[in-house]
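So the structure is just underneath, and the comments pick up after that.
The values are calculated or read from the model by the stated rules, or taken from the named source; none is laboratory data. This is a predicted model, so every value here is computed, not measured. Here Cβ is always computed from backbone atoms with ideal geometry, including for glycine, and neighbour counts include all displayed protein chains. Surface accessibility is based on the protein's heavy atoms, side chains included, excluding ligands, DNA and RNA. Shrake-Rupley method; radii C 1.70, N 1.55, O 1.52, S 1.80 Å.
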Amino acid sequence: MQLVVARIGRAHGIKGEVTVEVRTDEPELRLGPGVVLATEPASTGPLTIETGRVHSGRLLLRFEGVRDRTAAEALRNTLLIADVDPEELPEDPEEFYDHQLMDLDVVLADGTEIGRITEITHLPSQDLFIVERPDGTEVMIPFVEEIVSEIDLEEQRAVITPPPGLIDESQAVVVSTRDEEAAAAESGRAEDGSDRAGSDGAGKDA
């Protein structure tokens, strides 16, 4: 099975290095020296990684045969693709490859069906499940421990405990107009000092 593990960014320096947008949880394994990667478009590859290093928080790679900035810049936006055994699992039991999560049924703890994972989006802060609901609509589920409580590959399901409003917007907690007015009035009193208590130290809201 082929998986996209990185996208080549802009050239770095004048000796053929490029920045890469990493799309794998195992960059040391997938993007290490000596690794041969297929590419998209195919005409730019295959590419063999010669060296790799981290600079200012970004991974820099140099490929065999790429020796100057012009050649490096020609690779920009190329996708790097690794061949992965479909049965292979990440070393960390809490991590999963995208292909393992695709098409999993998403259910609540009580078994209520929510939908099916059709896409996984990788963002800088977190990953998102794009879940297609039975009625054809889509909902985004953050792949975080607080929401996704269990991934059961044998049962082919993901169990979630969503906060109010994530699945059904009608369940979202909405502040009433009266609450908003009360909050505004309280804020006004605090600003003019008419309802301010003295204190020697910092306090914590109850």
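Taking every protein chain into account, the accessible area of the range 89-150 amounts to 60 square angstrom per residue (probe 1.4 Å).
All other residues whose Cβ lies under 13 angstrom from that of Arg58 are scored, Lys and Arg at +1 and Asp and Glu at -1, for a net of +1.
Taking θ as phi - 60° and the Karplus parameters 6.51, -1.76 and 1.60, the scalar couplings of the range 108-117 work out to 7, 4, 8, x, 4, 6, 9, x, 9, 6 Hz in sequence order, x denoting glycine and proline. Sorting the segments 59-72, 146-159 by their residues' average number of neighbouring beta-carbon atoms within 10 angstrom, most packed first, yields 59-72, 146-159.
Rounded to the nearest 20 debye, the dipole size of the range 31-148 about its Cα centre is 1060 debye, using +1 on the Cβ of Lys and Arg and -1 on the Cβ of Asp and Glu.
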